[in-house]
1. When the residues of region 10-54 are narrowed to those that are more than 9 Å from the ligand (Cβ to nearest atom) and on the phi > 0 side of the Ramachandran plot, which ends up modelled with the highest pLDDT?
2. Residue under question is residue 3, and the condition is that it be exposed (fewer than 10 other Cβ atoms within 10 Å of the Cβ), touching a residue at least 12 places away in the same chain (Cβ under 8 Å) and of a type outside the set (Phe, Trp, Tyr); does it hold?
3. Which members of region 60-91 meet the condition of being loosely packed, with under 10 Cβ neighbours inside 10 Å and of a type in the set (Ser, Thr, Tyr)?
4. Looking at (1) at pLDDT below 95; (2) within 12 Å of the ligand (Cβ to nearest atom), which is the only condition residue 7 fails?
Amino acid sequence: MSEATKRCSKCREEKPLSAFTRDCTKTTGYHSHCKDCRRIWRAERNEAGQTNNYRMVKRWRDKHREHWLAVDREKMRRYRARQRAEREEAS
Ligand SMILES: [Zn+2]
């Protein structure tokens, strides 16, 4: 009994399907790159500044966290007040 294999389009190696991540958007149901290649590709991309960008976004969000929480609270307060007003109107 042989396990189904698939050729990685990056390293050109024939590998078992378990070496590929599933991807339902692909017709084959699997990624065209094996897990190893994807890991390398991700690491390279991270080095190219993706992580930096992510950290910056995170820092920005943390910095303005209080502000956004306040905005949310205010929205919720208005929403509740409106609901209450509507209920009172109906009764
Ligand atoms: Zn590969």
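The values are calculated or read from the model by the stated rules, or taken from the named source; none is laboratory data. None of these values were measured; they are calculated from a predicted model. Because the Cβ atoms are built from the backbone with ideal geometry, glycine has one as well, and the counts that use them run over all protein chains shown.
1. Ranking the qualifying residues of region 10-54, first place goes to 29.
2. Spelling it out, residue 3 is indeed exposed (fewer than 10 other Cβ atoms within 10 Å of the Cβ), touching a residue at least 12 places away in the same chain (Cβ under 8 Å) and of a type outside the set (Phe, Trp, Tyr).
3. Within region 60-91, just 91 meets the criteria.
4. With respect to (1) at pLDDT below 95; (2) within 12 Å of the ligand (Cβ to nearest atom), residue 7 is out only on (1).
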